[in-house]
1. With the condition being surrounded by 15 or more Cβ atoms within 10 Å (Cβ to Cβ), I'd like the strands (runs of 3 or more DSSP E) fully within the stretch 587-678 carrying at least 3 qualifying residues.
2. All but one of (1) of a type in the set (A, V, I, L, M); (2) in contact with a Phe, Trp or Tyr (Cβ under 6 Å, 6 or more places away or on another chain); (3) open to solvent by 20 Å² or more (accessible area, probe 1.4 Å) hold for LEU248; which doesn't?
3. Looking at the stretch 698-733, which of the residues that are among the acidic types (Asp, Glu) and buried (at least 16 other Cβ atoms within 10 Å of the Cβ) is nearest to PHE631 (Cα to Cα)?
4. Scan the stretch 585-594 and tell me whether some residue there is at pLDDT 95 or above and among the β-branched types (Val, Ile, Thr).
5. If a residue has to be open to solvent by less than 20 Å² (accessible area, probe 1.4 Å) and closer than 30 Å to VAL342 by Cβ to count, how many in the stretch 307-327 make the cut?
6. Condition check: hydrophobic (A, V, I, L, M, F, W, C), modelled with pLDDT under 90 and surrounded by 24 or more Cβ atoms within 10 Å (Cβ to Cβ). Does PHE205 satisfy that?
7. How many residues does the stretch 46-64 contain that are part of a loop (DSSP other than H, G, I, E, B) and modelled with pLDDT of 90 or more?
8. On the basis of being closer than 24 Å to SER563 by Cα and among the aliphatic types (A, V, I, L, M), does LEU493 make the cut?
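The values are calculated or read from the model by the stated rules, or taken from the named source; none is laboratory data. The shown structure was predicted, so the numbers you read here are calculated from the model rather than taken from an experiment. Here the Cβ is made from the backbone with ideal geometry for all residues, glycine too, and neighbour counts use every protein chain on show. When the accessible area is computed, the model is the full protein with side chains, heavy atoms only, and any ligands, DNA or RNA have been set aside. Shrake-Rupley method; radii C 1.70, N 1.55, O 1.52, S 1.80 Å.
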Amino acid sequence: MRHLLLTTALLIIVLCGLASKGQAQSCVISGIISDHTSGEVVIGASVALVDDTISRRAVRGAVTNKFGFYAISQVSPGNYFLTVKALAHRRLVRPIVIVPTQSSLRLDLELETEYVTSDVIVVESDSDRGGDHAISTTTVRPDFIQKLPALGGEVDVLRALQLLPGVQSISEISSGLYVRGGSPDQNLYLLDGAIIYNPSHLGGFLSTFNADALNDIRLIKGAFPAEYGGRLSSVLDLTTREGSREHLHGSAGLSLIDGRLNIEGPIGSDASYMFSGRRMYLDLLLLAAPDPSIVPTYYFYDLNGKLTFRLSGSDKLSISGYLGRDVFGAPPSVQDSGNFAVSWGNSTGNLRWTHIATPNLFTNFSAIFTDYHFSTLVQFPHDTSSDFKSSSGIRDYMIRAEAEYLMNDEHHFKAGIEATEHRFRADATAQLSQFASIDRTPTIINAFDGSIYGQDEWKWGNSFKGNAGLRLYYFQGGGYFRAEPRLSMKYALDENVSLTAAFSIADQFLHLIVRNDISLPTDVWFPSTQTIKPEAAQQGVLGLETSILGQDYFVSVEGYYKSMQHLYEYKDTATFSLDVPLENSFTEGTGVAYGVEFFLNKRAGPLTGWIGYTLAWTRRTFPELNNGKPFYPRYDRRHDISVVLAYKLNERWEFGATWTYGTGQAVTVPTNQYYFQPVNPIDYFQYYTNNSTLGYGERNNYRLPAFHKLDISATHSFTWFGLPWKLMLDVYNVYSRQNVFLQNIQRTDTFDNLGNRTSTLQVHRVTLFPIIPTFGLSCAF
């Protein structure tokens, strides 16, 4: 830890020295861009410096980072116009004069809010985002998510992202993201820089991310840059609101699922707060049911909070946190025949200090706490051999230091360092009742990991841009050291057409092991050890993107190939006994994923939306599973189509629609049945008629029927008691498609007149939801 802190200090000193040298050579214009009404920083605003001539030529440019900071270096003396553009804000133009003796200019600007009907979802090109050159990156505005159809009127971040090409869900009740052939644990979920290990509520209906509390949503599904690490597939980076510095205001809403409240306001002149909470009340409503004993017990709640203090013009301190809990249990009426209980929760806290060290050097330092727990209990009073219990927990203490140095218009350096102390707790036990008097000691592992990264976003001329970086990672468990190079490039053929390419190597030192033979969640997080190796992936991306009909339409096509090693699942022979170490129940394998994604986005006019299509393959190979033959995991989906439309009729009415189609899940079905001859048979004919055992072929050898459904919504805005209200009307599964959730084989017995029994096997399919009309109501104050 001491060495890492010294390295961090040395890194900042070196960058400060470079910044001072650059500052002495020319003028640096820098500052913070914020919203005039709320004081909230504006993320991703484009800042351009235009010369004061007849040509009005842009000579320099920048883009604000997630803290609203921008810097334009190497500005020669002269007269200029500074222009600032940001979505949902009026364009700002400010004349400035740089004199020969001036080395820096601090210019903090506020943008006026403006409602726009275009760019409902932003797939930003490099020209839009200035120095940010991340490939396969999508930025979604929180207010756009409010326009999408939602079950019960409750919008959800992850469900909106599932509508993008290359991003899938596994079922109707899953909010997990399966990105380019990766499993949900291979996604890095960051909420204000803190890791969220399980981002789901309500069995997957809702995620833990409350859209009312969010300021920025950014998904990177490709070869992400070196500033992110620890996962293989994607990064979801979310930033919460800081809270208004102008006046007290908030919003509240009721849906068929939950109630929510968001409130924010100033604390004096230099501080603000934001608090947001949700509570599911369906469990309280079901108490009024005619027979509440047949209803499962379930509830969840989550809380977001943030305090922001402006210490000076160059320093800001923020304290943010999240707390969420889910509790799910069997109905009281069935507990005599079988009992289950599932609970999980996340707690995070982040103390962050941002500091503008020099006009073109921005730094931020964080101390982060994360605590996650998950437990599953399954008990059968009359068949204790099927009992199962699993628990998993992770507690992290992290420090992070990062610096951004905007050297000039051609180079934008980023560097950082992280150090994390982990405490893992994992346990999986079967046959509980037989060992009721034995207290098994769970597997507890303490581990330290550290990483350091550096990257340079650069451009050569007006056509070629890129991002090259390297991340070095050390994980104490097993003594692993990894180097992860990252490279992305973009070449503009003309003003509207660009070619993109990226390559990355990534490692993941945490594994989520799931039992596939139990329908309930049984998540167990397990760290890499000397015997459990870290997962690894190498990914390449090639793409083409263009704007057509001016800037109204954006089109992109991307192809990717990803190879993965050291993937883990439970063995088919895993026994979960008390005397066997848990990691002995795992088996190791490899995987490969490749495909092509097509995206057409209409970004202007009263009708906006997109069409996405993905053609993809995902395979796994485990020497100890499926006789060593490759198989398709259940989240392999050959074809995936999404159509998303939003239409603004007038100031009172807005409409939305989503249609999705996906190839059916891969599942394992029996291919034959066989009989064992009894030792002392009495009636061979009767025995063979009624006693058979199913034989299974290869793993996931069958596809369920294709999944597709249509959801629509209408939002009516009105004023009541002097407050703005919105009534959301949603129809889930409009044409009542009976999508198969799961299927199994059931044995049916019939008897003839003589009492002889005949058994037949039938496929039984379970579907979840027919057409469901729902509504929700919200207001702002």
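1. Details: elements: 607-621, 639-648, 653-662, 670-674.
Filter on the stretch 587-678 gives 607-621, 639-648, 653-662.
2. Condition (2) is where LEU248 drops out.
3. Kept after step one, since they are among the acidic types (Asp, Glu), are these residues of the stretch 698-733: 698, 711, 730.
With the extra rule that they be buried (at least 16 other Cβ atoms within 10 Å of the Cβ), the set shrinks to 711, 730.
Numbers: ASP711: 33, ASP730: 39 Å.
For the stretch 698-733, the residue satisfying everything is ASP711.
4. Yes: one or more hits.
5. First pass over the stretch 307-327, keeping only residues open to solvent by less than 20 Å² (accessible area, probe 1.4 Å): 308, 318, 320, 322, 324, 326.
Right, trim to closer than 30 Å to VAL342 by Cβ and you get 320, 322, 324, 326.
So the count comes out to 4.
6. Numbers: hydrophobic (A, V, I, L, M, F, W, C): yes; modelled with pLDDT under 90: yes; surrounded by 24 or more Cβ atoms within 10 Å (Cβ to Cβ): no.
No: the conditions fail for PHE205.
7. Taking the stretch 46-64 first, the residues part of a loop (DSSP other than H, G, I, E, B) are 52-57, 64.
Pick out the ones that are also modelled with pLDDT of 90 or more and you get 64.
The qualifying residues number 1.
8. Working: closer than 24 Å to SER563 by Cα: no; among the aliphatic types (A, V, I, L, M): yes.
No.
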